[in-house]
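To start, the structure under review is shown below, and the notes come after it.
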Amino acid sequence: MPLAKPSSAGDCWPTCSGTRRPARRASTARLHGPTQPLLQHLAKRTQEALRQTTRLHEDFHLELAETANAVLAALWQSGAAPLARELGLPRTLGG
């Protein structure tokens, strides 16, 4: 039986056994395929960069805040948001 693509996010995908499972949401669907390694890399590198900022004097945090917040905002608005949530990344630096 060929699998038909659901028409909306609330539809279900038919399975080989005849049961139905919910269709993936667009955000988690983007985590699979060729973009997944890139999204994982971006989330992990962001985590590492934030970890390294803890070693810096607090005055440097003020200088880094604008750029770090821009990176975090873009990460949370991308397909990597579920990975950022899993890694416990903040939405803003110092937040």
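The values are calculated or read from the model by the stated rules, or taken from the named source; none is laboratory data. What you see is a predicted model; the values in this text were computed from it and never measured. With ideal geometry, Cβ positions are generated from the backbone for all residues, glycine too; neighbour counts draw on all protein chains shown.
Couple of notes before you dig in:
- All positions within the stretch 48-95 that are basic (Lys, Arg) and touching a Leu at 6+ places or on another chain (Cβ under 9 Å): Arg91
- First in the stretch 57-70 and free of Cβ contacts under 8 Å to residues at least 60 places away in the same chain, second anywhere and surrounded by 10 or more Cβ atoms within 10 Å (Cβ to Cβ), Cβ under 6 Å, 6 or more apart: Ala65/Leu93; Ala68/Leu93; Asn69/Thr92; Asn69/Leu93
- Residue within the stretch 51-61 that is in a helix (DSSP H, G or I), modelled with pLDDT under 95 and surrounded by 14 or more Cβ atoms within 10 Å (Cβ to Cβ) present: yes
- Failed item in (1) part of a helix (DSSP H, G or I); (2) at pLDDT 50 or above; (3) within 22 Å of the chain's Cα centre (by Cα), with Ser27 passing the rest: (2)
- Pairing each residue of the stretch 76-95 that is touching a residue at least 12 places away in the same chain (Cβ under 8 Å) with any residue that is hydroxyl-bearing (Ser, Thr, Tyr) and loosely packed, with under 13 Cβ neighbours inside 10 Å, provided the two are 6+ apart or on different chains, yields C-beta distances under 8 Å for Gly79/Ser27; Ala81/Ser27; Pro82/Ser27; Pro82/Thr28.
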